[in-house]
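Let me begin by presenting the structure, written as structure tokens, before commenting on it.
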Amino acid sequence: MAQQNRRQRRLDQSKQDRARRTQGARRGGGGGGRRGDRRRRRLAWVLAAVLIVVVAGIAVPLLLASSNAPTNQSPQTRAQAGLSSHTILKLPAVSALAEQGTAAWVTDDLRNVLVRFDPATGQAARTVHLPGRPVAMVLAAGHVWVADAVDNQVVEVDPTTLLIQRSVPVPAEPTGMAVLGGDVWVTSLEAHELTPVDLHTGTAGTPIDVLAGAVRVAAGYGSLWVTGTTDLLTRVTPPAGSAGPQQKTVTVGQGPIGVATGQGSVWVANAAGGSVAEVSASGLFVTQTLRVGGDPLTVAVSGGSVYVGDGTGETVRTVSPSPGSKALGVGTDPRVLMPVGAGVWVGGSNPGRVLAVGPA
């Protein structure tokens, strides 16, 4: 308002000056007319300069305010990030993945084999037949450990030669594996138990009966996080000294299966509920539930983002940070999501594929 008043006063004063000078020029004759013309031209330049200053005084603050406005005021004001993918390897089926440097391993539970391959070329370097059905795998202490869901055992394999070093019996139907401390921890679906296998001795410890069931497991924040056969996530703190294992549960959604840790939280894919739950690792409560629809089976945290695989839609997307990405079709059911670099590797069956998915 003050700027407008000043502008109006300047314009009024300019009009008065111009009127007085015009009258003087008329009284002064021909020479005065030429001087009046010069004065009028100078006056026109002055008025133009004044207008430029006034307009700039109004426009510049508005432009600065616009450029300094927050870009993350709401999810609707931010564009969704895109994902891209490329195929690394084709094979009949993929049930588990592991990677380290220039080597990678994949289990095929249709042919019951373990394959070592070059992730840069997708060429298989070596293949070995495994007993039973390989459904989960981890790389720890320099060896590959594979869960056999049929023969109820964990098989330790040399990562270079793929020679089996030993087989360790575990409770019925092992389905998931995670590494914490000096042990590989194995979930057993049928037995509802979580079993430690010593990485150095290859011996199984005392199984822990998980009351809410044991399907998948992730390690993080000093504990093990187990999805089961109910709508609960169980936090299992391994025994320390004379104290036994501790269990606490939290309701996360319908049919939780996939579980991962990262970004200060635990993330659970609720397959039946079509959602992903974020759980506080310290407080053990759900901080948010993200509705994604479909059949979210797997979840992974990589490069600061949370990736989710939808089995029904055969898609992968990020759901955190908000607003996440658009769903990317991968042409296979994403049974496995493994963090690699800033993205994930996707392992699927029907058809069997290993794909790399990451920011476009």
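The values are calculated or read from the model by the stated rules, or taken from the named source; none is laboratory data. On a predicted model such as this, the values are computed, not experimentally measured, just so you know. Using ideal geometry, Cβ is built from the backbone for each residue, glycine included, and neighbour counts are taken over all protein chains shown. Each accessible area value is taken on the protein alone, full model and side chains, heavy atoms only, with ligands, DNA and RNA left out. Shrake-Rupley method; radii C 1.70, N 1.55, O 1.52, S 1.80 Å.
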Tally up the carbon and sulfur contribution to the accessible surface of the stretch 265-330 as a whole percent, 1.4 Å probe, everything protein left in place. 48 percent
Can you compute log10 of I(q)/I(0) for the stretch 224-332 with the Debye formula, treating each Cα as one identical point scatterer, at q = 0.10, 0.15, 0.21, 0.23 Å⁻¹? -0.28, -0.59, -1.05, -1.22
Carbon-plus-sulfur fraction of the accessible area of the stretch 129-208, 1.4 Å probe, in percent? 53 percent
Distance between the stretch 147-176 and the stretch 196-213 - C-alpha centres, whole angstrom: 13 Å
Long-range amide H partners of Arg335, meaning residues 5 or more apart or on another chain whose placed amide H is closer than 5 Å, are Gly347, Gly348, Ser349
What accessible area per residue, rounded to a whole number of Å², is obtained for the stretch 80-200 using a probe radius of 1.4 Å? 41 Å²
FRET efficiency (Thr203, Val179; Cβ distance; R0 22 Å; to 0.05) is 0.85
Solvent-accessible area per residue for the stretch 228-269 at a 1.4 Å probe radius, Å²? 44 Å²
Can you tell me which of 330-339, 116-125, 203-212 comes out highest on packing, and rank the rest after it, using the mean Cβ neighbours within 10 Å? 330-339, 203-212, 116-125
What are the ³J(HN,Hα) couplings of the stretch 328-337, residue after residue, when phi is run through the Karplus curve with 6.51, -1.76, 1.60 and θ = phi - 60°? Round to Hz, x for glycine and proline. 9, x, 10, x, 7, 6, x, 6, 10, 10
Grab every C-alpha pair in the stretch 169-260, bin the distances at 10 angstrom width from 0 up to the longest one, and report whole percents. 19, 55, 23, 2
Using the Karplus curve 6.51 cos²θ - 1.76 cosθ + 1.60 with θ = phi - 60°, work out ³J(HN,Hα) for each residue of the stretch 274-279 in order, rounded to whole Hz, and write x for Gly and Pro. x, 8, 10, 9, 9, 10
Can you compute the FRET efficiency between Phe285 and Thr161 using 1/(1 + (r/R0)^6), with r the Cβ-Cβ distance and R0 = 51 Å? Round to the nearest 0.05. 0.60
Nitroxide proxy distance, nm - points 7 Å out along Cα→Cβ at Ala243 and Asn350: 4.5 nm
Within the under-10-Å Cβ sphere about Thr127, not counting Thr127, Lys/Arg +1 and Asp/Glu -1 give a net charge of +2
